[in-house]
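J.: Once you've had a glance at the structure underneath, I'll fire off some questions.
None of the figures in this text is laboratory data; all of them are computed from the coordinates on show. This one's a predicted model, so the numbers in the text were calculated from it and none came from an experiment. Here the Cβ positions follow ideal geometry from the backbone for every residue, glycine too, while neighbour counts run over all protein chains shown.
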Amino acid sequence: MTKADSTRERLIETYRRKARHYDLVSRLSPVPGYPEHAQRVRAVRALNLHAGDAVVEIACGTGANFGMIEDAIGPSGHLVGVDLTDAMLERAQVRVEAHGWGNVRLVQMDAAAFPFPERADAILSTYALTQVPDCGSVIAHGAAALSAGGRWVVLDLKLPEHAPGWLSHLGVAVVGTSASLDQWMARRPWETIRAAMQDALPECSWTELCFGTAFLAAGSSSALIRR
Ligand SMILES: C[S@@+](CC[C@H](N)C(=O)[O-])C[C@H]1O[C@@H](n2cnc3c(N)ncnc32)[C@H](O)[C@@H]1O
């Protein structure tokens, strides 16, 4: 097994353990009182969705954003949720059935290998893409699939830029230390995501949230693309 395979296996095991209580615990994450829901609302609004839109959510987990997306696209729209972890998708499936959404397709796959559909009006990823080692390629593949004027929005956590070292270490101590967290800090994947968005999309914005502990990256494909 390669190092990448064992990292992926560890990640799947971690989310299998978290899946059952994920929706409850994520409201208290990364610390109780963190404005996670407000950030999600902001990210979905940044997609600028319309009725009938085709949306892809990368690393959708239990589908915490599905309700807001469904409200915007309605039954004539389509939503594809992609995630690596079976147990997270099982929770998403329960949510889909409970709401009777007939326009959602769930795909268990590594985001890096996901073949984006030919037409995607909007692509979203929240609190997940910085965990994907090939996050830059995922941005590029998604951008290539966007319809004219389509939107790519990423919301995720990051380390604050100007925080003193001791504050970052305190944050890590609060959130919990693990080898993967150390790797995450060393990789600085939010920088990869920002650069990939700027490379792939003509119009991009980058907003730091909550004292630089999170970011909202949003980009639009050219309105002139014809497929
Ligand atoms: C913190 S959860 C976030 C879930 C959801 N996006 C949300 O906002 O609640 C991270 C999710 O990313 C998924 N994930 C991590 N690496 C992935 C990859 N390479 N491809 C697809 N999904 C991945 C995990 O299985 C997990 O469901």
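J.: Could you check which residue among Leu129, Leu106, Leu181 shows the biggest mean-square fluctuation in a GNM of the chain with a 10 Å Cα cutoff?
T.: Leu181
J.: On to the next question. Which net charge results for the neighbourhood of Val107, defined as the other residues with beta-carbon distances under 12 angstrom from its beta-carbon, given Lys and Arg at +1 and Asp and Glu at -1?
T.: -3
J.: Next up: What's the local net charge at Val55, with K and R +1, D and E -1, over the other residues with C-beta under 13 Å away?
T.: Details: positive: Arg105, Arg119, Arg151; negative: Asp53, Glu57, Glu70, Asp71, Asp121.
Once all neighbours under 13 Å are counted, the net charge is -2.
J.: Only counting other Cβ atoms within 10 Å, I'd like Arg40, Arg91, Arg105 sorted with the fewest neighbours first.
T.: Neighbour counts put them in this order, fewest first: Arg105, Arg40, Arg91.
J.: Determine, for each peptide in 21-33, 52-64, 207-219, the mean count of other beta carbons within 10 angstrom over its residues, then list the peptides with the highest first.
T.: Taking the mean over residues of other Cβ atoms within 10 Å, the ranking is 52-64, 207-219, 21-33.
J.: Given the DSSP H assignment, sum -39500 (n - 2.57) over each helix run of at least 4 residues in the chain and divide by its residue total; what's the result at 222 nm in deg cm²/dmol, nearest 500?
T.: Details: 9 runs with 97 residues, N = 227.
Value at 222 nm, helices only, nearest 500: -13000 deg cm²/dmol.
J.: For an R0 of 25 angstrom, estimate the FRET efficiency from the Cβ-Cβ distance between Lys3 and Met185 and round to the nearest 0.05. Spell out each step's value before the answer.
T.: Details: r = 18 Å, r/R0 = 0.72.
The formula returns an efficiency of 0.85 here.
J.: Taking a quarter of the surface of the convex hull around the Cα atoms of the chain, what do you get in nm²?
T.: So the mean shadow area of the Cα hull is 12.1 nm².
J.: Just to be sure I understand the model, the point goes 7 Å from the Cα along the line to the Cβ. What's the resulting Val41 to Ser76 distance in nm?
T.: 2.7
J.: Under a point spin-label approximation (7 Å from Cα along Cα-to-Cβ), what is the Gln198-Phe211 distance to one decimal in nm?
T.: Taking the two extended label points, one gets 2.7 nm.
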